[in-house]
1. Please give, to one decimal in nm, the separation of the simple spin-label points placed at residue 57 and residue 80, each 7 Å out from Cα toward the Cβ.
2. Which lysines, if any, have their Cα less than 29 Å from the Cα of residue 77, not counting same-chain residues under 8 positions apart?
3. Kindly give the semi-axes, whole Å and largest first, of the ellipsoid equivalent to the chain, taking each as the square root of 5 times a Cα gyration tensor eigenvalue.
4. What nm distance separates the two modelled labels at residue 66 and residue 145, each placed 7 Å from Cα along Cα→Cβ?
5. At a 1.4 Å probe radius, which order do 49, 122 fall into by accessible area, largest first?
6. In the full protein assembly as shown, how much of residue 80 is accessible to a 1.4 Å probe, in Å² to the nearest 10?
7. Where only protein heavy atoms count, and the probe is 1.4 Å, what is the accessible area per residue for the range 1-138 in Å²?
8. How long is the gain from residue 49 to residue 14 if the chain were fully straight, where each residue apart is worth 0.36 nm and the alpha carbon distance is subtracted?
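The values are calculated or read from the model by the stated rules, or taken from the named source; none is laboratory data. Source: prediction; values computed, not measured. A quick note on method: Cβ atoms are made from the backbone with ideal geometry, for glycine too, and the neighbour counts reach across all protein chains shown. The protein model used for the area step is the full one, side chains on, heavy atoms only, and it has no ligands, DNA or RNA in it. Shrake-Rupley method; radii C 1.70, N 1.55, O 1.52, S 1.80 Å.
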Amino acid sequence: KESSAASDVYKRQEYDFDYDRNLAYILDFKNKESKKDTLDIINCSFDIMSSVYFSRAINFGKYQKDDTIPLNIVLDKQVYENINIIYKGKNKVTNQNKKSIDCIHFQINLIEGTIFKANETMDVFVSDDANRIPIYVEAEILVGSIGVYSVSYTHLRAHETDSYLVCR
């Protein structure tokens, strides 16, 4: 939600992806009105939330430090091509309860706009197990930086065999 002295402005977009037809169906909310739209997409196109889920399912075991994995981001009814995920290796993260957690560390290139500066990355640390729980996320923003720790998680669905998503 964005606010100004003159009025409150609320904007939200919901995407429904049809990968067979390479289309994204958009439900665009602004204040109390909504509008439907479509957008042509290309393979491996994700909105911000689905890109996080996709990145959690990458088989990082086949990558070396600083290898990049391209993906396409849909944001504000535009497709941004080759926004890279950069594998940074494995690290331990100490959470707010002083527990040390083995993590996979990667960065995601960010898109310059109303929140992020140009040429910035978001650091993401997910648990190095079958659950790939987001443990810590950090990014620079226009007015400083943000850091987010997971506080709790339940109903984990770890599997004995890993399954990975692959973009073609």
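1. Here the answer is 2.2 nm between the modelled labels.
2. 1, 11, 30, 32, 35, 36, 117
3. Details: eigenvalues 165, 91, 52 Å².
Listed largest to smallest, the semi-axes of the chain are 29, 21, 16 Å.
4. Spacing of the two 7 Å Cα→Cβ label points: 2.1 nm.
5. 49, 122
6. Residue 80 exposes around 70 Å² with every protein chain in place.
7. 61 Å²
8. Numbers: separation 35, 0.36 × 35 = 12.60 nm, distance 1.06 nm.
Computed gain between residue 49 and residue 14 is 11.5 nm.
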